[in-house]
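S.K.: Take a look at this one; I'll ask things after.
The values are calculated or read from the model by the stated rules, or taken from the named source; none is laboratory data. None of these values were measured; they are calculated from a predicted model. As a convention, Cβ positions derive from the backbone with ideal geometry for all residues, glycine included, and neighbour counts pool all protein chains shown.
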Amino acid sequence: MQQILEGVFYIPGQDEFIPDSHVYVIGKPTSGDLTLVDAGLMGKGAYKIESIQKLGLSLSDIKRVIMTHTHLDHIGCLKEILNEIPHAKLWVHTKEAEPLEQGDERIVYGMDMFKSMCQAQYNIKKDAFKFEIDRKLEGGETLKMGDMTWEVIHIPGHSQGSIALYNRSGKILIPGDVVYADYAIGRFDLHGANGPTLRDSLLTLAELEVDVLLPGHNRIVEHVQPGYILETANQWAPYLT
Ligand SMILES: [Zn+2]
Ligand SMILES: [Zn+2]
């Protein structure tokens, strides 16, 4: 774990046979207003909480958790984390907030075969992923948090309610599972996913100036080459039809 830039901390996922998403903590510590981006896989809550403390950050300063999307590898330990910071609010895009509130777990598991496998492996209980969402995001919001400004961009395609957080002044992009380092993109075969929609979302992101790419998995990129996201979108375009 490390501070990447002022107001951006990185807690790498600890992958098992299912990946564990990275967590980013955003906000300047002096502000007393920190945000967690994503949670991670089941059983990883204690690791994420310990990592926050090792970074010298105070749990009481964490005011909210914003989910880039609600796949199992991102939301699995959300309850574990919220048990430690019960005051934190939960912000999710409305397209995934509503299914979560209704207990529709297709958005979490993506496919039925995966659901039964994970429920057996992790002994997941009924309604494990039923949450009340404090703020439903739409995309287009400008969030002033922790003495920083983050724009919310709705980028469906990997999932219906995927969002990116973008800090324009620092050219920092947190795109969830939509685009990764090394010309990789998120899968587009799960519940609610759609190839052409993912392509449109990649093209939306390609319009941003991005120096620092902080994806949900795999390596982070601190000096993104110009045109990287557009090139990635173009490489994948033949498959996103
Ligand atoms: Zn995902
Ligand atoms: Zn993921």
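S.K.: Among G110, G43, which is the only one that is farther than 24 Å from L165 by Cα, within 16 Å of ligand 2 (Cβ to nearest atom) and touching a residue at least 12 places away in the same chain (Cβ under 8 Å)?
M.R.: Exactly one residue qualifies, and that residue is G43.
S.K.: Determine whether L57 is crowded, with 16+ Cβ neighbours inside 10 Å and not in a strand (DSSP E or B).
M.R.: Considered against the rule, which asks whether it is crowded, with 16+ Cβ neighbours inside 10 Å and not in a strand (DSSP E or B), L57 comes out as yes.
S.K.: Quick check on my filter: what residues within the stretch 67-107 are part of a helix (DSSP H, G or I), closer than 19 Å to H154 by Cα and under 16 Å from the mean Cα position of the chain (by Cα)?
M.R.: Hits for the stretch 67-107 are H74, I75, T94, K95, E96, A97, L100, I107.
S.K.: Would you confirm whether or not the stretch 221-241 contains a residue that is within 16 Å of ligand 2 (Cβ to nearest atom) and either touching a residue at least 60 places away in the same chain (Cβ under 8 Å) or of a type in the set (G, A, S) (or both)?
M.R.: no
S.K.: Do the conditions hold for S162, that is, is it within 16 Å of ligand 2 (Cβ to nearest atom), surrounded by 18 or more Cβ atoms within 10 Å (Cβ to Cβ), under 19 Å from R64 (Cα atoms) and among the small types (G, A, S)?
M.R.: Against the criterion (within 16 Å of ligand 2 (Cβ to nearest atom), surrounded by 18 or more Cβ atoms within 10 Å (Cβ to Cβ), under 19 Å from R64 (Cα atoms) and among the small types (G, A, S)), S162 qualifies.
S.K.: For the stretch 205-221, enumerate the residues that are closer than 25 Å to D20 by Cα and over 18 Å from the mean Cα position of the chain (by Cα).
M.R.: Of everything in the stretch 205-221, just one residue is closer than 25 Å to D20 by Cα and over 18 Å from the mean Cα position of the chain (by Cα), namely D211.
S.K.: Here is a follow-up. Based on this model, can you work out whether Y122 counts as modelled with pLDDT under 95 and on the phi < 0 side of the Ramachandran plot?
M.R.: So Y122 fits the description; yes.
S.K.: Are any residues in the stretch 132-166 under 13 Å from T197 (Cα atoms) and of a type outside the set (A, V, I, L, M, F, W, C), and if so, which ones?
M.R.: Within the stretch 132-166, H154, P156, G157, H158, S159, Q160, G161, S162 qualify.
S.K.: Report yes if some residue within the stretch 139-158 is modelled with pLDDT of 95 or more, in contact with an Asp or Glu (Cβ under 8 Å, 6 or more places away or on another chain) and of a type in the set (F, W, Y); otherwise report no.
M.R.: No: zero hits.
S.K.: Here's something else I'd like to know. Please work out if V25 is crowded, with 23+ Cβ neighbours inside 10 Å, within 21 Å of W91 (Cα to Cα) and more than 16 Å from ligand 2 (Cβ to nearest atom).
M.R.: yes
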